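Contents: one structure, followed by commentary.
The values are calculated or read from the model by the stated rules, or taken from the named source; none is laboratory data. Because the structure is predicted, anything quoted here is derived from the model rather than measured. No Cβ is skipped: glycine too gets one built from the backbone with ideal geometry, and neighbour counts run over all protein chains shown. These accessible areas exclude ligands, DNA and RNA; they are computed on the full protein's heavy atoms, side chains included. Shrake-Rupley method; radii C 1.70, N 1.55, O 1.52, S 1.80 Å.
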Amino acid sequence: MATAAATSSKKTVLQYPGAAPSVSARIHPVVLFNICDAFVRRPDQAGRVIGTLLGSTSSDGTVEIKNSYVVPHNESADQVALDIDYHHNMFVSHQKVNPKEVIVGWFSTGFGVSGGSSLIHEFYSREVQNPIHLTVDTGFTNGEASIKAYVSANLTLGDRQLAAHFQEIPLDMRLIEAERVGFDLLKNTSVDKIPNDLEGMESSMERLYTLINDVYKYVDDVVEGRVQGDNNIGRFIAEALASLPKLSPTAFDKVFNDKIQDNLSLVYLSSLTRTQLSIAEKLNTAAQIL
């Protein structure tokens, strides 16, 4: 027993903050579109794209990511070189347009955290306290574009820092219906064509019908006692029902049909405008030849 105690006393203790940080992130879709566009336009020799995230932090620890810009970099197996002057100049330019947006972290394309991420994260830790690291899997490793957010915690041995540990945090996406259509297209590995207005409306109605069926099944299970009711879910359902306008079925059908007619009129007018422009271009070409 004495030998075991002596052996135990010589064990090395690694210090790591066990408590998970009370941080969450909320991202706007324009950030994802900017990242995907930057990845498509990247130099041929670049393996991934990195850049700065802009936004704000609320009092409850929620980081809202509203904007982003790419930062040029060179990356090898053991080092990463950032264009710091470009990063600072871009941030100053963004501050002139929207001074409320500050640096909240950085992003990179690729699946998960890579080897050089700790070096880049160390730089952004000097720019802002506890920065967010956002990863966007543009390579569709698991069949879709995985999007994750991380914060870093230090792993130490006594007073010596050994490494940085990236811990995933909750990430919420706030999308309106038009933005969700574009995001669903980005998540797929291949898309035959972009849906038109009617196809997008059909897809939205099918999704809405599925959600209504899910809510109906949940409420029925709670009433019958098959599932324990959740007060938070009940409040969300009550708020959703209270937000609906009180319309009769006849009035709702009229509003819905009028909206469809307006959309069809816009499609017809845009097609007519394109036709007129095409005819005018051909007439101008013919006049120049004659």
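In terms of solvent-accessible area of protein heavy atoms at a 1.4 angstrom probe, what is the ranking of Ser125, Ser204, highest value first?
Of Ser125, Ser204, the descending order of accessible area is Ser125, Ser204.
Report Asp220's accessible area, 1.4 Å probe, all protein chains in place, as a number in Å² to the nearest 10.
Number for this one is 60 Å².
Just flag the trypsin sites (Lys or Arg not before Pro) in region 200-290 sitting in loop per DSSP whose Cβ has no more than 11 other Cβ atoms within 10 Å.
Values: sites: Arg207, Lys217, Arg226, Arg235, Lys246, Lys254, Lys259, Arg274, Lys282; in loops: Arg226, Lys246.
Passing sites in region 200-290 are Arg226, Lys246.
Given a 1.4 Å probe and the protein chains all in place, what does the accessible area of Ser93 round to, in Å² to the nearest 10?
60
Quick one: 3J(HN,Hα) in Hz for region 48-63, Karplus 6.51/-1.76/1.60 with θ = phi - 60°, rounded, Gly and Pro as x.
Here the 3J(HN,Hα) series is 8, 10, 10, x, 9, 9, 10, x, 8, 10, 8, 5, 8, x, 7, 9 Hz.
Compute, for Lys148, the solvent-accessible surface of its heavy atoms (probe 1.4 Å) with the complete set of protein chains present, and express it in square angstrom to the nearest 10.
Here the accessible area works out near 60 Å².
Take Phe91, Phe33 and sort them by solvent-accessible surface of the protein heavy atoms, 1.4 Å probe, largest at the top.
Values: Phe91 50, Phe33 70 Å².
Of Phe91, Phe33, the descending order of accessible area is Phe33, Phe91.
What shape does region 206-290 have by the C-alpha gyration tensor, where a ≥ b ≥ c are the square roots of the eigenvalues, rounded means a/c under 1.5, and otherwise prolate means a/b greater than b/c and oblate the rest? Kindly include the intermediate steps, with their values, before the conclusion.
On the way: a/c = 5.35, a/b = 3.39, b/c = 1.58.
Prolate, since a/c reaches 1.5 and a/b exceeds b/c.
For Lys217 and Asn263, what is the calculated FRET efficiency with R₀ set at 22 Å and r taken between the beta-carbons, to the nearest 0.05? Mind showing how you got there, number by number?
Numbers: r = 32 Å, r/R0 = 1.45.
Here the calculated transfer efficiency is 0.10.
Assuming R0 = 51 Å, what is the FRET efficiency of Phe252 and Ile289, from their Cβ-Cβ distance, to the nearest 0.05? The partial results should precede the final answer.
Details: r = 56 Å, r/R0 = 1.11.
So the FRET efficiency works out to roughly 0.35.
Where does each of Thr135, Thr275 land when they are ordered by accessible area, with a 1.4 Å probe and the largest first? Before the final figure, lay out each step's value.
Numbers: Thr135 5, Thr275 75 Å².
The most accessible residue leads, giving Thr275, Thr135.
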